[in-house]
Amino acid sequence: MQREQLADFLRRRREAIRPSEAGITAGPRRRTSGLRREEVAMLAGMSTDYVVRLEQGRSSQPSVQLLGALARALRLSDDERDHLFRLAGHQPPPADGADRPARAGLIRMIDLLGDTPAMVLSDLGEILAQNRTSALLTGDHADFTGDRRYTVYRWFTDPAARSGAPVMEQEHHARQLVADLRAAAGRRSGDPTVTGLVDRLRAASADFGRLWAEHEVAVRRADRKIILHPRVGPMLMDCETLLTPDQRQQLLVLTPADPETRERLDLLRVLGTQSFPTGGSEHSERTDPPSG
C-alpha cells in the first residue's frame with residue numbers, strides 16, 4: 001500500500017470533479033470547485049472521518065469493496081480505477097467479466113435520474129451500482145459477496161429473496177431470471193464464471209434445474225411487476241432495460257405504473273430520508289428493504 005501516493009491521488013481526483021458531475025448542486029457561497037470530503041463520503045457510503053484519514057495517509061488498507069465505492073463516487077475511468085487499486089495494494093478488478101465495475105457513463109445516468117429508481121446490472125444479474133431511490137425500493141445490494149451478488153442465485157437459494165414478489169408472479173419471475181441467464185451463457189460460451197454459477201445453482205436448487213432444462217432464452221428489456229414493500233405496500237412498476245452494445249451491462253429504470261404507486265414511492269423517499277443517519281463509523285448505515 002502506497003499511502004502517500006494514494007492520499008495524493010484521492011485528494012486530486014476529489015478536487016477535479018465539479019459538483020454537477022456528481023449530481024450535487026453547488027450553492028453561491030461554495031469556496032471550492034471540487035467535491036467536499038463529506039460529499040465524497042456520502043456518495044461512497046462511508047464516514048467523512050475515514051475519507052479524511054485516507055487523504056492524510058493515516059488509514060488502514062481499504063477493502064476492495066471500499067475502493068470500488070470510492071471509484072464510483074469519484075467517477076474514475078477504468079485506468080484511474082486500476083491505479084487506485086494498485087496504490088491501495090490490491091489487484092485491479094478484471095477488465096472483463098462479472099466483477100467489472102459499472103461504466104462511468106451509466107453511473108452518471110442513474111445519478112441524473114434522481115428520484116427515479118435506477119440501477120446498473122451485469123449480464124449475470126449482479127447489481128453493480130444503484131441510486132438511493134433504487135436502494136429504498138429494492139434494498140441496498142452493495143454488501144453482497146460471493147454467489148449472493150447474483151439476483152438469480154439468491155432467488156433460488158434464499159426464500160427471503162422472493163418476499164418482494166406476489167406468489168402468483170413468482171413462477172413467471174423465476175422463468176425470466178433463468179431465460180436471461182441462459183442468454184448470457186450463450187453469449188459467453190465456455191466462460192468459467194458463467195458455467196461455475198450455473199453448476200452451483202443446479203446443485204443447490206432443483207427448481208432452477210427444472211427451468212434450466214427447459215432451455216428458454218430471453219433477454220429482458222421491458223416488464224411490469226408488483227413489488228411488495230414492507231413499509232408502503234404493493235407497488236406496480238414499469239421496468240425498462242437499456243443494454244450496452246456488448247450486452248455485458250444493463251441500465252434498469254423503474255417507474256410507477258399508476259398514481260397510487262407514484263404516491264407510495266414519494267412516501268418511501270420521505271421515510272427513507274428520516275431513517276438515514278448523519279454520521280457513523282467507517283461505513284454509514286443503510287435502510288434495508290428486502291431485495292428482489
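For region 104-275, relative contact order (Cα pairs under 8 Å, six or more residues apart, normalised by length) works out to 23 percent.
Between Val52 and Val217, the contour length at 0.36 nm per residue exceeds the Cα-Cα span by 54.5 nm.
Over region 49-165, the fraction of Cα-Cα pairs per 10 Å bin, rounded to whole percents and listed from the shortest bin up, is 12, 40, 34, 12, 1. State the answer as a single residue: which of Pro234, Phe9, Thr133 lies farthest towards the positive end of the charge dipole of the chain, with beta carbon charges of +1 for Lys and Arg and -1 for Asp and Glu, about the Cα centre. Of the listed residues, the answer is Phe9. Taken about its Cα centre, region 108-264 carries a charge dipole of roughly 200 debye when the Cβ of each Lys and Arg holds +1 and the Cβ of each Asp and Glu holds -1. Evaluated with a Cβ-only charge set (Lys, Arg +1; Asp, Glu -1), region 3-87 carries a dipole of roughly 320 debye about its Cα centre, given to the nearest 20.
Based on DSSP H segments of at least four residues, each scored -39500 (n - 2.57), the chain has a per-residue ellipticity at 222 nm of -14000 deg cm²/dmol.
Given charges of +1 on the Cβ of Lys and Arg and -1 on the Cβ of Asp and Glu, with all other atoms neutral, how large is the dipole of the chain about its Cα centre, in debye to the nearest 20?
For this selection, approximately 700 debye.
In region 104-275, Rg over Rh equals 0.96, where Rg is the alpha-carbon radius of gyration and Rh the Kirkwood radius from pairwise Cα distances. Just name one of Leu121, Ser163, Ala73: the one whose Cα is farthest towards the positive end of the charge dipole of the chain (beta-carbon charges, Lys/Arg +1, Asp/Glu -1). Result: Ala73.
For the chain, the extents of the C-alpha atoms along the principal axes are 58, 46, 33 Å, listed from largest to smallest. Take every DSSP beta bridge whose two residues both sit in the chain; close to 100 percent of them are antiparallel. Exposed loop trypsin sites (Lys or Arg not before Pro) only (DSSP loop, at most 15 other Cβ atoms within 10 Å): please give the longest stretch of the chain free of them, not including the sites. Formally, the longest exposed-site-free interval is 59-220. Here the Karplus curve 6.51 cos²θ - 1.76 cosθ + 1.60, taken at θ = phi - 60°, turns the phi angles of region 155-170 into couplings of 4, 8, 10, 10, x, 5, 5, 8, 5, x, 10, x, 4, 5, 9, 5 Hz, with x standing for Gly and Pro.
In sequence order, region 116-123 has phi-based couplings of 8, x, 8, 8, 10, 10, 7, 6 Hz under the Karplus curve 6.51 cos²θ - 1.76 cosθ + 1.60, θ = phi - 60°, and Gly or Pro positions carry x.
Tell me, what is the Rg over Rh of region 3-87, with Rh the Kirkwood radius over Cα pairs?
That ratio equals 0.94.
Each Cα pair under 8 Å and six or more residues apart adds its sequence gap; the mean of these over the residue count of the chain is a relative contact order of 18 percent.
Each reported figure results from applying straightforward, stated rules to the coordinates on display, with no laboratory input. Because the structure is a prediction, the values reported are computed rather than measured. When we count neighbours, we look across all protein chains shown, and the Cβ atoms used for this are built from the backbone with ideal geometry, even at glycine.
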